[in-house]
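These notes are about the structure you will find just below.
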Amino acid sequence: MATTNSQTKPFKDQYRHCKDTGTCYDCGKKVGKSNLNGSAKCPTCYSNHLKYSQAKRVMRHKNSLCHYCGSSNIVKGLKHCLKCGDKMKAFRKGYSQKVKRQVFAHYGLHCECCGEDGIEFLTLDHIHGGGNDHRKELGKAGTAFYTWIIKNNFPKGFRTLCHNCNFGCSNNGGACPKASEHSHIRGIRETLRWNRTVGDIINTGNKSIKENQ
Ligand SMILES: [Zn+2]
Ligand SMILES: [Zn+2]
Ligand SMILES: [Zn+2]
Ligand SMILES: [Zn+2]
């Protein structure tokens with residue numbers, strides 16, 4: 001039977017109550033907020049939970065079942081079924097878009113050189129160079145690197161560039177080889193963005209006028 005929102009809600013409420021009062025969700029013991037782990041379990045219940053899920057994974061692995069849902073419809077050579085694989089992919093994609101949006105909301109939502117504003121085209125440029133070395137040193141790239149930026153409170157020394165300008169800069173001693181042409185394009189894109197914003201405002205206005213009629 002599918003669980004509905006109304007069925008899961010009491011659990012969620014109980015869970016939140018446990019977190020707020022420092023009570024273990026599993027055994028009901030009051031251990032204090034600082035002794036609860038992220039899933040509202042006391043240390044004993046948490047370690048039991050880890051042992052249990054570890055044993056479950058080993059059992060599923062032995063029986064060639066999906067590690068996550070136990071389905072026998074496992075994808076050849078992988079640890080999960082197609083459905084769980086899709087779920088994980090969607091989750092990862094959503095997460096990576098979320099952190100990217102957060103990072104560019106801070107450093108700028110368009111390329112500082114050419115004004116490109118498609119988030120898929122944007123990257124974070126180390127203003128003083130050495131980006132590749134820094135990423136290697138951290139051992140983080142892509143989403144992991146953006147997460148590092150957020151965790152470190154958006155450090156100084158970065159700016160938003162598109163992949164093209166970033167590549168051009170790093171191959172041209174730090175300056176985009178098409179900087180003057182790109183500054184012209186940036187102006188055009190700024191006008192386009194402005195027109196889009198005005199268009200959106202007019203559209204929303206028209207819509208609310210219609211709705212109120
Ligand atoms: Zn407990
Ligand atoms: Zn599965
Ligand atoms: Zn650019
Ligand atoms: Zn450029």
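Rule-based calculations on the coordinates, nothing more; no lab input. Because the structure is predicted, anything quoted here is derived from the model rather than measured. All Cβ positions, even for glycine, are placed from backbone atoms using ideal geometry, and neighbour counts span all protein chains on display.
In this structure, does Arg101 turn out to be in a helix (DSSP H, G or I) and more than 26 Å from Pro177 (Cα to Cα)? Criteria met by Arg101.
Counting the residues of region 169-189 that are loosely packed, with under 15 Cβ neighbours inside 10 Å and assigned to a loop (DSSP other than H, G, I, E, B) gives 6.
Of all residues in region 77-129 being small (Gly, Ala, Ser) and surrounded by 13 or more Cβ atoms within 10 Å (Cβ to Cβ), which is farthest from ligand 4 (Cβ to nearest atom)?
Residues of region 77-129 that are small (Gly, Ala, Ser), as a first pass: 77, 85, 90, 94, 96, 105, 108, 115, 118, 129.
Narrowing further to those that are surrounded by 13 or more Cβ atoms within 10 Å (Cβ to Cβ): 85, 96, 108, 115, 129.
Numbers: Gly85: 38, Ser96: 25, Gly108: 14, Gly115: 9, Gly129: 16 Å.
Only one residue tops the list, namely Gly85.
Taking every residue in region 130-142 that is within 16 Å of Gly174 (Cα to Cα) and pairing it with any residue that is part of a helix (DSSP H, G or I), at least 6 positions away or on another chain, the pairs with Cβ-Cβ distances below 8 Å are Gly131/Ser170.
Taking every residue in region 152-180 that is within 18 Å of Glu116 (Cβ to Cβ) and of a type in the set (Ser, Thr, Tyr) and pairing it with any residue that is more than 16 Å from ligand 2 (Cβ to nearest atom) and in a helix (DSSP H, G or I), at least 6 positions away or on another chain, the pairs with Cβ-Cβ distances below 6 Å are Thr160/Phe104; Thr160/Tyr107. When we screen Tyr52, Tyr68 for residues that are in contact with a helix residue (DSSP H, G or I) (Cβ under 7 Å, 6 or more places away or on another chain) and among the aromatic types (Phe, Trp, Tyr), the only hit is Tyr68. When you check Asn166 against the structure, is it part of a helix (DSSP H, G or I), within 16 Å of ligand 4 (Cβ to nearest atom) and of a type in the set (S, T, N, Q), yes or no? It is true that Asn166 is part of a helix (DSSP H, G or I), within 16 Å of ligand 4 (Cβ to nearest atom) and of a type in the set (S, T, N, Q).
Scanning region 191-208 for residues that are under 25 Å from Glu116 (Cα atoms) and among the small types (Gly, Ala, Ser) returns a single hit, Gly199. Of all residue pairs spaced 6 or more apart or on separate chains, those with beta-carbon atoms under 7 Å, a first member in region 73-99 that is on the phi < 0 side of the Ramachandran plot and a second member that is near ligand 2 (Cβ under 10 Å from one of its atoms) and assigned to a helix (DSSP H, G or I) are Asn73/Leu82; Val75/Leu82; Val75/Gly85; Leu78/Gly85.
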